[in-house]
1. Could you give the semi-axes, largest first, of the ellipsoid that matches the range B:14-90, computed as the square roots of 5 times the alpha carbon gyration tensor eigenvalues and rounded to whole Å?
2. Does the range C:250-296 come out rounded, prolate or oblate, given a ≥ b ≥ c as the square roots of the eigenvalues of its C-alpha gyration tensor, rounded meaning a/c under 1.5 and, failing that, prolate meaning a/b above b/c?
3. Kirkwood Rh over Cα pairs of the range C:106-249 into Stokes-Einstein at 25 °C, 0.890 mPa s: D in µm²/s?
4. I want the antiparallel fraction of DSSP beta bridges within chain A, as a percent rounded to 5.
5. So, R0 is 41 Å and r is the distance between the beta-carbons of residue C:134 and residue C:320; what FRET efficiency does that work out to, to 0.05?
6. Mind giving me the nanometre distance, one decimal, between the label points for residue A:148 and residue B:194, set 7 Å out from Cα along Cα→Cβ?
7. Could you list C:116, A:163, C:199, C:251 in order of exposure, starting from the residue whose Cβ has the fewest other Cβ atoms within 10 Å?
8. Given a cut-off of under 8 Å on Cα pairs at least six residues apart, what relative contact order in percent is computed for chain C?
C-alpha cells in the first residue's frame with residue numbers, strides 16, 4: 001500500500017503571542033515542532049508499512065523553512081517527502097487547507113491510505129482529515145488508535161469514541177485520523193541521516209499542483225478571523241490560600257464550575 | 001449558497017443509542033435563544049435508519065424535527081451521513097447549522113463543510129451574534145492561551161461545532177413543533193465504512209482521556225475511599241503518585257508522571273502531593289490544577305492555579321458535602 | 001530473591017554479532033571470573049547477572065535484563081581484566097535501538113531531548129526559570145552548565161541557585177546560556193543512543209565556541225561526565241564539576257570556613273566518584289561548613305548507587321529492586337544528621353525512595369551556600 005502522511009509544523013504554543021495593537025498573532029521567533037498527533041500518524045504508517053509492505057510519503061503544506069522537518073520524517077523512516085509551498089496557499093482555513101492537501105494527494109497518484117493526526121495543536125479544529133476525504137471522495141475514519149489490513153484490500157480501523165471503541169471496515173482509498181498518544185513514535189535513526197539530508201524533498205507550487213485557484217489560500221477560505229484575545233497568561237495562576245474547609249470547598253467548587261466539564 | 005439564504009437555524013441532533021448526545025440538547029437550547037434574536041425557526045435534524053426518537057427532541061422546543069432515514073444509515077459513517085445531511089441542506093437552505101463537537105459530530109462536520117463548500121468554525125466555546133445576522137464563534141487555540149473569533153461572512157450555511165458542556169441544556173417542556181420523516185436516496189457506494197464491532201466503554205482505565213482526575217499522594221495516608229468517592233461525584237478518574245502506588249493504595253496503572261501516565265484533563269485535584277517534578281510533568285498539560293496540601297512550602301503550589309493550604313480530610317469532606325448527591 | 005529459570009533457552013551463537021561487538025568493546029578480555037556479579041548491587045535483588053551478560057555478548061546475544069543496569073560502574077571497578085562493562089552495556093543497548101527493541105518511554109525521552117532540548121518534555125522557554133532573582137555576571141570565558149534537572153526540577157533548581165551564589169560570593173566571572181542551553185545528552189548515552197548523544201554534544205560545542213567558552217563548570221555529575229567525553233572528542237573546552245571549581249576557590253583563599261556544628265554523611269554519586277575519581281572535593285567542601293563528615297560503610301569507590309543512572313530515571317523500578325531505599329537506610333545508620341550528595345538524580349531518588357527514613361537529603365552546594373563567607 002502507498003500511505004501518505006499529512007504532517008503539520010506548528011509553533012510552540014507557549015511562544016506564540018497576540019500582538020495587542022494589531023490583534024494579529026505574533027509567531028516571529030516562535031520555535032516550531034512537528035504537530036504531536038501527526039507523529040502518531042507517522043508511526044502508525046511506518047508500523048503498517050514495516051508489517052505489510054508498501055511505501056510511506058510525508059506531505060506538508062507551508063513555507064520553505066518547513067523542509068527540515070520533512071527531513072526529520074525521512075530520518076525517522078519515511079520514504080519520500082513532498083512540500084506544498086506557494087504564497088497562493090497562505091491564509092488558508094480548513095476548507096482551503098484540505099483542498100490543497102487533497103490536490104497534492106491527487107497529484108501523487110496511486111494512494112491507498114491518507115493518515116493525519118487527529119488535530120493540530122495550533123488550530124485544533126480536527127476538521128482537515130474528514131474534509132480531505134470528501135475532496136477525494138474517499139472513505140474515512142477519524143480518531144483511530146489501531147489500523148490493520150482487512151479482507152479483500154480493505155482496512156480495519158478502531159476508533160476511540162466517547163462511549164466506547166468502534167472497529168470499522170473501510171474501503172480504500174481511505175483517510176484516517178490518528179488519536180494523539182495512540183502509540184509511541186519511534187525515534188529518528190541517525191543512520192538514515194545522510195539519506196534524509198541528501199534526499200530530494202519535492203516542492204510543489206500552485207502551478208505544479210494544478211488545482212482550482214478559487215479554492216486555494218485566503219481566497220478559498222470562507223471563514224474570517226474577526227478578533228483575537230488572550231485568555232490566560234502563560235503558566236499557572238499560583239494562587240495559594242489558607243482558609244476554612246468550607247471556604248476551601250466553595251473555592252474548589254468554583255474552579256470545577258469554571259472548568260466546564262462536559263457530560264459527553 | 002450565499003449569505004442571503006435563510007431557511008432558518010438547523011441543529012444536528014446526534015443519536016447515541018436510543019437517545020441523543022447531551023451536547024445535542026445543549027445546542028438546541030442555544031439555537032432557541034439565537035432564533036429569538038434572529039426571528040427564524042429552529043429545525044432539529046436527525047440521521048438514522050429509522051425515526052422514532054423525535055418526541056424526545058420535541059420537549060426541547062424546536063419548531064420542526066426532520067428525520068433523515070435509510071437502512072444504510074443505521075450506524076454513523078462520515079461519508080454517508082454527510083451525503084444525507086448535505087442533500088437535505090441543499091434543498092432547505094438553512095442559514096446556520098450547529099453540531100456538537102463530539103467525535104462523530106466532528107467527523108461529519110468536516111466532510112459536510114466541503115460538500116457544501118462553506119465555512120466551518122470548529123470547537124467553539126462561546127457563540128454570539130456580531131450585531132447583525134452573522135455568528136461569531138470563539139475558538140481556543142495554541143494550547144488554550146489564545147482565542148480567535150471566527151465568522152463566515154459570505155457562504156451559507158455558516159457551520160459551527162460546539163464543544164460539549166459550554167451551554168446548558170434547556171429544561172424539558174411540553175412537546176413543540178412538527179415531525180417530518182424523509183427517506184434519503186442512498187446506495188452502497190455512498191457508504192465508506194461498515195461497523196465490525198463495538199466495545200462499550202467499560203472498566204478499563206484510561207487516564208489519558210479523563211476530563212477530571214482526582215490524585216492522591218502520600219498525604220492521604222492511604223485513605224483512598226474518599227478520593228474515589230470524590231472522583232465518582234465529579235465523573236472523573238482516580239490518579240496517584242508513585243508513593244501511593246508503591247504503598248499499594250492504588251493500582252500501578254493509575255500512577256501519574258514521568259514513569260507513569262502523562263495526562264491532560266480539564267481539571268485535576270491534587271490532594272496530599274508534595275509535587276516532585278517527576279510527578280508534575282504528568283499534570284502540566286491539565287486545564288486547571290487545584291492542589292490541597294498541609295505544607296505551604298510544597299512545590300505542588302508552583303504548579304497549581306489554586307492552592308489550598310490545610311488538612312486534607314476536612315477539605316475533602318466539605319467538598320463532598322457541597323457537591324451534594326448520593 | 002529473583003531466580004533465573006532452571007531451564008534456560010538453548011545457547012545460540014551469532015558470530016557476526018560478536019565480531020561487531022569485539023570491534024567496539026573489549027569484552028573479549030573477559031574470562032568469566034564473576035567478580036563483576038559479586039560487585040553488582042543489583043545481583044542481590046534482581047535477576048541481572050553481569051558475568052552472564054558478558055558471556056551472552058561473547059555469543060553475540062543480548063541479555064534479557066540488559067536494561068536493568070544503572071551503569072554505576074561497580075563492575076568496571078572490580079574487573080581484574082579491565083573490561084569496560086558499562087561501555088559494553090551501552091553498546092548492547094545501542095544495538096537494541098536498531099531493532100527498536102527498547103523499553104517503553106525511552107523513544108519519548110529521546111524525542112524530548114532532541115526537540116525540546118531537555119529530558120522533561122518542558123518548553124525550552126522555561127529553561128532559565130531556575131534563576132529567579134539570581135544575578136549572573138554574564139561575562140568571562142567560564143560557563144556554568146546548569147543541566148536539565150537543575151534547570152527545570154524545582155527541587156534541583158535550589159542546587160543551581162546555591163552554586164551560582166557560591167561563585168558570586170567568590171567573585172568569579174562566569175556566564176550561563178539561559179534558554180539557549182540544551183541537554184548534555186548523558187541520558188541518550190546511557191540508554192545507548194550514540195547518535196543523539198553526539199548530536200547534542202555537537203550543538204553544545206558550537207554554542208561554547210560562539211560564546212568563547214574555555215572552561216565549563218557542570219552542576220550535574222551526569223553533565224560533567226558526558227560533556228567531558230563529548231567535548232574532548234570535539235576539541236571543546238575543559239570541563240569540571242562544581243565541587244572541583246569551588247574547591248579551587250577554597251585553595252585560593254576566596255572562601256573562608258563556617259562555624260556550623262553537627263555531622264553529615266556523604267553519598268558519592270557514581271558519575272562523580274567511580275566514573276571520574278572525584279572523591280575529595282565534595283568532602284573538603286562539607287568540612288568547610290564546619291560540619292563533621294561521617295562515612296558510610298560503602299563509600300568512595302565502593303559507594304552504593306542510588307539507582308538513577310543508566311537511564312533508570314525514565315524506567316520504573318519495582319520497590320524491591322531499588323537500591324535507593326537501602327542507601328538512605330545506610331546513611332541514616334551512620335547517625336549523621338544530614339545526608340549530603342552532589343547529584344540532582346541522587347537527591348530526587350532519595351527523596352522519592354526514602355521510605356520511613358527521615359534523614360534530610362541535601363546537596364553539598366546547598367549545604368555550604370549559607371554557611372561560608374567570602
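1. Calculated on Cα positions only, the semi-axes equal 22, 14, 10 Å.
2. oblate
3. Reported coefficient: 164 µm²/s.
4. Around 40 percent of the beta bridges assigned by DSSP in chain A are antiparallel ones.
5. 0.50
6. So the two model labels end up 1.8 nm from each other.
7. Placing the least packed residue first, the sequence is C:251, A:163, C:199, C:116.
8. Rounded, it is 16 percent for chain C.
No value in this document is a laboratory result; all are computed from the given coordinates. Since we're looking at a predicted model, the values are computed, not measured. Backbone-built Cβ (ideal geometry, glycine too); neighbour counts: all protein chains shown.
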